[in-house]
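One structure is given below, encoded as structure tokens.
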Amino acid sequence: MTPRRTHLTILLLSGLLSASAHAANIQITIDKLVYAPAEVSAKVGDTVEWINKDVIAHTATARNGDWDLMVGPSKTARLVLKKAGAVDYFCKFHPNMKARVTVAP
Amino acid sequence: MFAKLMTAVAALCLLTGSAFAQAKLTDPQIAHIAYTAGQLDIEAAKQALAKSKNKDVRAFAEDMERDHSAVNKQALALVKKLKVTPEDNATSQALTKQAAAERAKLAKLKGAAFDKAYVDNEVAYHKTVNGALETQLIPSANNDELKSLLQTGLKIFQGHEQHAEMVDAKLK
């Protein structure tokens, strides 16, 4: 095995290892003012992605004040979950949009 | 007594959106009304941004300007695609007239009095437009894409109505 090959193998292996230990990525779509799915379950360390398909800006704002993300039109916003618990969230601009993330330890 | 009653009835008609009391609307008319309603709210927002110093009121006005501009841009793209020319009509004219009167009234106010009057009117205005969307514009729309845009518009404006109510509650 050439040194270059070894290097590549190590890179690949470490990539695999980190992928298996890696936290999950949870996607929530915002389309026509609806968060879908409206309820998701996650674990501390997981990343939640809000993908906004609307032409207007939205937010994902936690009712308990833990987080407040702006999701611009046709943009994606990400959040790494740091605390366990059920969090209800809504859109500050359109408070008729509501959903929930339940975070396990 | 009768005159007083008639004034009350007239005021009630204004509040409940007599601008919308008219016969069956066509798609070009519906497109014109929806676009006009959005533009009028943008103008109201511009007046608020020029006059208000309240953080919540300004943030709300910015949201209105941004959302209604985005929706109207979509509406223009749709009418272009459908080759529909929006048609001016009595409802659009009545809405424009009412909004001009409201702007003139608000122009005379300052500070907290302006903020309260602007936000109160935003609640009432979105209620009126949403009622009209629900009971008249959406059911009357023929084209499916127009209907769908109006339905999304209704959800957005219902959000604005709730947002306005939240800002209003903070002003009290």
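The values are calculated or read from the model by the stated rules, or taken from the named source; none is laboratory data. Quick caveat: nothing in here was measured; it's all calculated off a predicted structure. Note that we place each Cβ from the backbone using ideal geometry, even for glycine, and neighbour counts take in every protein chain shown. Accessible surface is based on the protein model in full, side chains and every heavy atom, while ligands, DNA and RNA are left aside. Shrake-Rupley method; radii C 1.70, N 1.55, O 1.52, S 1.80 Å.
What region A:23-104 shows is 47 Å² of accessible area per residue, with the surface traced by a 1.4 Å probe over protein heavy atoms. With coordinates expressed along the principal axes, the C-alpha atoms belonging to region B:84-172 extend over 44, 26, 18 Å, beginning with the largest. Here the Kirkwood formula, the inverse mean of 1/r across different C-alpha pairs, assigns region B:46-137 a hydrodynamic radius of 14.9 Å. When both region B:113-168 and region B:55-111 are represented by their alpha-carbon centers, they are found 11 Å apart. Per residue of peptide A:55-63, the mean number of Cβ atoms on other chains within 10 Å of the residue Cβ is 3. The angle between the Cα long axis of helix B:90-107 and the main principal axis of chain B comes to about 20°, on a 0 to 90 degree scale.
Here the dipole of region A:23-104 is about 60 debye; that uses its Cα centre as origin and unit charges on the Cβ of Lys and Arg (positive) and Asp and Glu (negative). Computed from Cα atoms, the angle from the helix B:27-51 axis to the main principal axis of chain B rounds to 20 degrees. With springs only between Cα atoms under 10 Å, which of B:Asp41, B:Asp67, B:Asp144 fluctuates most in a Gaussian network model of chain B? Greatest mean-square fluctuation among the candidates belongs to B:Asp144. Helix B:55-82 and the longest principal axis of the C-alpha atoms of chain B enclose an angle of approximately 10°.
When all C-alpha to C-alpha distances in chain B are sorted into bins of 10 Å, what percent of pairs does each bin hold, rounded to whole numbers? All Cα pairs, binned at 10 Å, distribute as 10, 38, 34, 15, 3, 0 percent. Using a 1.4 angstrom probe on heavy atoms only, work out the carbon and sulfur share of the accessible area of chain B in %. So the carbon and sulfur contribution to the accessible surface is 62 percent.
The A-B contact accounts for approximately 1200 Å² of buried accessible area, totalled over both chains at a 1.4 Å probe radius.
Take the convex hull of the alpha carbons in region A:23-104; its mean projected area over all directions comes to 4.3 nm².
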